[in-house]
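Data block below; observations after.
The values are calculated or read from the model by the stated rules, or taken from the named source; none is laboratory data. Note that the coordinates shown come from a computational prediction; the quantities given were computed from them, not determined experimentally. Positions of Cβ are backbone-derived with ideal geometry, glycine not excepted, and every protein chain shown enters the neighbour counts.
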Amino acid sequence: MHQTDIEKKRQQLINMVNQYGLTSTKALLCSQELDQLLQHYQQKKLKSMQSGKPCSPFINSAKT
């Protein structure tokens, strides 16, 4: 799972809302999927911070 997956899902959610409305079942399901991706990313980031390893190649890149 990468940040690009999150961005793709976010864009998909925007499209769903524009097409079907904010409270449509399709938009709500897409929103829940985005929430899961974000939660997974945050858990991964927390674990990597605790281990001292960046979860993204862009984190700590200024130090090298």
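Close Cβ contacts (under 9 Å, 6 or more residues apart or on different chains) running from residues in segment 9-26 that are of a type in the set (Val, Ile, Thr) to residues that are in a loop (DSSP other than H, G, I, E, B) and at pLDDT 95 or above comprise VAL17/SER24. Filter segment 9-25 down to the residues that are of a type outside the set (A, V, I, L, M) and touching a Lys or Arg at 6+ places or on another chain (Cβ under 9 Å), then identify the one that is surrounded by the fewest Cβ atoms within 10 Å (Cβ to Cβ). Going through the qualifying residues, I end up with GLN19.
For segment 26-44, which residues satisfy the criterion of being aliphatic (A, V, I, L, M) and surrounded by 13 or more Cβ atoms within 10 Å (Cβ to Cβ)? Correct list: ALA27, LEU28, LEU34, LEU37, LEU38.
Answer yes or no as to whether LEU22 is part of a loop (DSSP other than H, G, I, E, B) and either aliphatic (A, V, I, L, M) or touching a Phe, Trp or Tyr at 6+ places or on another chain (Cβ under 9 Å) (or both).
Spelling it out, LEU22 is indeed part of a loop (DSSP other than H, G, I, E, B) and either aliphatic (A, V, I, L, M) or touching a Phe, Trp or Tyr at 6+ places or on another chain (Cβ under 9 Å) (or both).
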